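Below: the structure, in structure tokens.
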Amino acid sequence: MIKIKYFIQFILIIILFGLFKILGIKNSTKLSGLLFVLIGPFFRSKKIFEKNIIKVFPDINKIKKEEIYKNVWRSYGKIFSEYLFIKDFRFSENFQNNLIIKNQKILDEIKNSKEPVIFISGHFDNFELMAMHIEKSGINLAAIYRPLNNLFLNPVMENIRKKYICKKQIKKGISGTKQILKEYKNGASIALMIDQRVSEGIPANFFNHKALTTTIPAQFVKKFNTKIVPIYIERLENNRFSIEIFDAQKFSKNETVEMITNKLNNILEDMIKRNPNQWIWTHDRWK
């Protein structure tokens with residue numbers, strides 16, 4: 001039964017992708033954003049969003065809360081439609097002009113040094129463009145991703161990611177952790193989202209609440225003295241984006257894995273507070 005459900009979803013998505021191709025990116029993002037605002041709440045409980053937003057902004061009023069809720073779904077919709085145009089963001093000069101890069105020199109220095117680093121970020125709008133730009137800057141990169149549950153759609157998305165976002169894709173999980181180490185030792189930098197709950201993580205501080213958080217960046221700092229480079233993306237108007245690369249974080253030798261992980265979560269907190277409308281509030285982060 002689940003396979004039939006996934007197949008129907010797959011057919012509908014392929015039809016939508018065909019429509020997006022005809023409409024172009026401007027009209028597609030508007031349509032897809034509206035569709036997700038209308039139907040998104042039927043697929044994921046609003047209770048998770050409510051629980052999460054109150055943890056971070058306990059004094060938020062109802063109007064602001066509803067505004068963020070709608071904008072989150074709108075962002076999901078826009079990201080979804082933009083998968084069809086990732087190729088253009090990578091190769092079309094007109095689309096590349098829609099990416100405003102802050103501190104490109106940091107990426108250039110990483111490229112020239114040939115010293116692998118770990119890039120950290122969260123699922124902001126449109127998060128896929130960060131790994132795409134890092135690799136396009138000439139950096140040997142491997143990106144961690146979570147495969148989709150839909151067995152029909154997942155191969156399509158993996159193909160898009162490998163062809164236009166980042167050639168080296170590592171599946172999230174225990175086997176993926178081994179692959180991360182292998183790629184790193186072969187000179188590849190790692191792009192990693194640290195904002196999702198991971199069962200093998202530790203309960204670290206995140207907005208003054210404990211949340212299971214990956215320790216991979218902290219472990220690499222302790223074992224290899226790896227540089228951790230935060231990166232952030234924000235959607236602007238008219239399908240334009242700002243990507244900001246931060247200086248490598250500095251840690252003292254006596255800092256523990258827990259202390260480093262908490263510091264990285266603090267960086268993520270600052271990113272989320274910049275624009276709460278563009279973070280994945282519907283993920284059960286504090287479960």
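Looking only at region 109-125, how many residues end up being at pLDDT 95 or above and under 15 Å from GLN278 (Cα atoms)?
4
Is it the case that region 51-71 has a residue that's at pLDDT 95 or above, within 19 Å of TYR232 (Cα to Cα) and not hydrophobic (A, V, I, L, M, F, W, C)?
Yes: one or more hits.
So which of PRO41, PRO58 is surrounded by fewer than 16 Cβ atoms within 10 Å (Cβ to Cβ) and not in a helix (DSSP H, G or I)?
Sole residue among the options that is surrounded by fewer than 16 Cβ atoms within 10 Å (Cβ to Cβ) and not in a helix (DSSP H, G or I): PRO58.
Assess whether ILE260 counts as being in contact with a strand residue (DSSP E or B) (Cβ under 7 Å, 6 or more places away or on another chain), modelled with pLDDT of 95 or more and of a type in the set (Val, Ile, Thr).
Spelling it out, it is not the case that ILE260 is in contact with a strand residue (DSSP E or B) (Cβ under 7 Å, 6 or more places away or on another chain), modelled with pLDDT of 95 or more and of a type in the set (Val, Ile, Thr).
Select from region 255-274 the residues that are among the aliphatic types (A, V, I, L, M) and surrounded by 15 or more Cβ atoms within 10 Å (Cβ to Cβ) and write down the one among them that is farthest from the chain's Cα centre (by Cα).
So the residue we want is VAL257.
Could you tell me how many of the residues in region 108-137 are more than 16 Å from ILE243 (Cα to Cα) and not hydrophobic (A, V, I, L, M, F, W, C)?
So the answer is 7.
Just the residues that are under 24 Å from PRO155 (Cβ atoms) and out of contact with any Phe, Trp or Tyr (no Cβ under 8 Å at 6 or more places or on another chain), please, taken from region 21-31.
Selection gives LYS21, ILE22.
From GLY33, GLY40, which residue is in contact with a helix residue (DSSP H, G or I) (Cβ under 8 Å, 6 or more places away or on another chain) and at pLDDT below 95?
GLY40
Matching residues to (1) assigned to a helix (DSSP H, G or I); (2) closer than 23 Å to TYR164 by Cα:
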residue: TYR6; (1), (2): yes, no
residue: GLN9; (1), (2): yes, no
residue: LEU35; (1), (2): yes, no
residue: PHE49; (1), (2): yes, no
residue: TYR69; (1), (2): yes, no
residue: LEU84; (1), (2): yes, yes
residue: ASP88; (1), (2): yes, yes
residue: ILE100; (1), (2): no, yes
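Looking for whichever is within 18 Å of SER189 (Cβ to Cβ) and free of Cβ contacts under 8 Å to residues at least 12 places away in the same chain here; the options are LYS136, LYS162. Which one fits?
It is LYS162.
Out of region 1-50, which residues are closer than 21 Å to GLU237 by Cα, of a type in the set (A, V, I, L, M, F, W, C) and either in contact with a strand residue (DSSP E or B) (Cβ under 9 Å, 6 or more places away or on another chain) or in contact (Cβ under 8 Å) with a residue 60 or more places away in the chain (or both)?
PHE20, ILE25
In region 143-198, how many residues are among the hydrophobic types (A, V, I, L, M, F, W, C) and touching a strand residue (DSSP E or B) at 6+ places or on another chain (Cβ under 8 Å)?
Final tally of qualifying residues: 13.
When VAL198 is evaluated against the numbered criteria (1) of a type outside the set (Gly, Ala, Ser); (2) farther than 18 Å from LYS287 by Cα; (3) touching a residue at least 12 places away in the same chain (Cβ under 8 Å), which criterion, by number, is the only one it fails?
(2)
Hey, any hits in region 183-190 for a residue that's in a helix (DSSP H, G or I) and in contact (Cβ under 8 Å) with a residue 40 or more places away in the chain?
The answer is yes, given that some residue of region 183-190 is in a helix (DSSP H, G or I) and in contact (Cβ under 8 Å) with a residue 40 or more places away in the chain.
So which residues in region 118-150 are assigned to a loop (DSSP other than H, G, I, E, B) and either touching a helix residue (DSSP H, G or I) at 6+ places or on another chain (Cβ under 6 Å) or among the basic types (Lys, Arg) (or both), if there are any at all?
If the condition is that a residue be assigned to a loop (DSSP other than H, G, I, E, B) and either touching a helix residue (DSSP H, G or I) at 6+ places or on another chain (Cβ under 6 Å) or among the basic types (Lys, Arg) (or both), then GLY122, PHE124, ASP125, ASN126, SER137, GLY138, ILE139, ARG146, PRO147, LEU148, ASN150 are the ones that fit.
For region 213-254, what are the residues that are charged (D, E, K, R), assigned to a loop (DSSP other than H, G, I, E, B), in contact (Cβ under 8 Å) with a residue 12 or more places away in the chain and surrounded by fewer than 18 Cβ atoms within 10 Å (Cβ to Cβ)?
ARG240, ASP247
The values are calculated or read from the model by the stated rules, or taken from the named source; none is laboratory data. Since this is a predicted model, take the numbers as computed values, not measurements. We place every Cβ from the backbone using ideal geometry, glycine too, and count neighbours over all the protein chains shown.
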